[in-house]
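Here the structure is laid out as structure tokens; the discussion comes afterwards.
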2 protein chains.
Amino acid sequence: MKNLVEIVSQLSDLMGQTEEVAKEQFHLLNLTHTQMHYLEAIHLLDNPNITELASKLKLTKPTVKVAVDKLIESDYLYKIKSDEDRRSAHLHLTEKGKLINQMHDYTHKLISEAISRKLNNEEMGTLVRLLNKVLSEN
Amino acid sequence: MKNLVEIVSQLSDLMGQTEEVAKEQFHLLNLTHTQMHYLEAIHLLDNPNITELASKLKLTKPTVKVAVDKLIESDYLYKIKSDEDRRSAHLHLTEKGKLINQMHDYTHKLISEAISRKLNNEEMGTLVRLLNKVLSEN
DNA sequence: TTTTATTGTTAGCAAATACTAACTATATTT
DNA sequence: AAATATAGTTAGTATTTGCTAACAATAAAA
């Protein structure tokens, strides 16, 4: 019987490997590792401007600008000018860009299936209840 | 009450963000994202040779050779010639290279602590038992 | 209203990351 | 023993990813 830290370590490995498999599936999109990182960050930050994105990625603005331009050119992103600040523009994922999120969803489905294959209904209920508690706010 | 897929998604985010924090620490010690990926793969493959590593990373051997040379130059890796096949050599992490694993261990400890903060002893026991079953071989 | 700060941009450059082609040395197959 | 395959390497090249410096347009502060 393994202890909690060992279990977390194995779960982490499992998720990482599943994530890798999912990325291979979506590799048809011709996206580099770095570009996927950009799309993920833009999704996470909920339509940031260049400055916010650069700050999150710990890169300079010119670096991010160039990368974003390429992603726009390849139809993964588009810009919308800000009403509040006329200097600024917000980045949005196109439908094509949103495929990256579908990839994550797919990974989570795969892991969920792996879990439900190992447990019976009662055990599943208990696990779900406990993990809900773990992830609760306070 | 959230369902399993939603929970897995949140857990995945939690782990991902904790990993990110760890990687930021390493970024300060001038390792690129790609280089970290190499060290992780070498750890995972348990001292592979160049060919095995290239296969895992889905890159060509010359590409991997150049990257590995730099990691050796920066004292993250060293080579040991194979006794069985005199053409070949196995890659090992130096103490400095092993820091990447220590960082993973640390994030797993952090997540474990976050979990044990939310559950009582009995619940912890149940969770550990269920997750052991999830991660069991057959 | 003038000064200062911020957002985004352009240009020029350097390093990292990746490839193919061609080679040596050793192993394996025929 | 000769032919073929494999591990690692070298050289040359293209692309991606990153930087700094300098600039215009707009916003915020003095």
Quiz item: So which residue, out of A:111, A:50, A:80, gets the largest mean-square fluctuation from a GNM of chain A using Cα contacts under 10 Å as springs?
Solution: A:80
Quiz prompt | Cα centre as origin, Lys/Arg/Asp/Glu Cβ charges: region B:45-138 dipole, Debye | solution = 300
Quiz item: For residue B:88 and residue B:109, what does the FRET efficiency come to when R0 = 25 Å and r is the distance between their Cβ atoms, rounded to the nearest 0.05?
Solution: 0.10
Exercise. Mind telling me which of B:120, B:47, B:30 comes out most flexible in a GNM of chain B, alpha-carbon contacts under 10 Å?
Key: B:120
Practice problem: If a/c stays under 1.5 just call it rounded; otherwise compare a/b with b/c (prolate if a/b is bigger, oblate if not). Do that for the protein assembly as shown, with a ≥ b ≥ c from the square roots of the Cα gyration tensor eigenvalues. | Solution: oblate
Quiz prompt | Average beta carbon contacts from partner chains per residue of A:33-45, 10 Å cutoff | solution = 1
Practice problem: Determine the sum of side-chain charges near residue A:24: Lys and Arg each +1, Asp and Glu each -1, restricted to other residues whose C-beta is under 14 angstrom from that of residue A:24. | Solution: +1
Practice problem: Put a label point 7 Å from Cα along the Cβ direction on residue A:17, then list its distances to the equivalent points in the other copies in nm, shortest first. | Solution: 2.7
Quiz item: Where the label is 7 Å out from Cα toward Cβ, how close does residue A:106 come to the same position in every other copy, in nm, shortest first?
Solution: 3.4
Quiz item: With a sphere of radius 15 Å drawn around the Cβ of residue B:101, what net charge do the other residues whose Cβ falls strictly inside it have (Lys, Arg +1; Asp, Glu -1)?
Solution: -3
Exercise. Can you figure out the FRET efficiency of residue B:33 with residue A:126, using R₀ = 35 Å and their beta-carbon distance, to the nearest 0.05?
Key: 0.35
Practice problem: Report the local net charge at residue B:43: Lys and Arg +1, Asp and Glu -1, summed over other residues whose C-beta lies under 14 Å from its C-beta. | Solution: -3
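Any read-out appearing in this document is the output of simple, stated calculations on the displayed coordinates, not a laboratory observation. This one's a predicted model, so the numbers in the text were calculated from it and none came from an experiment. Glycine gets a Cβ as well: all are built from the backbone with ideal geometry, and neighbour counts include every protein chain shown.
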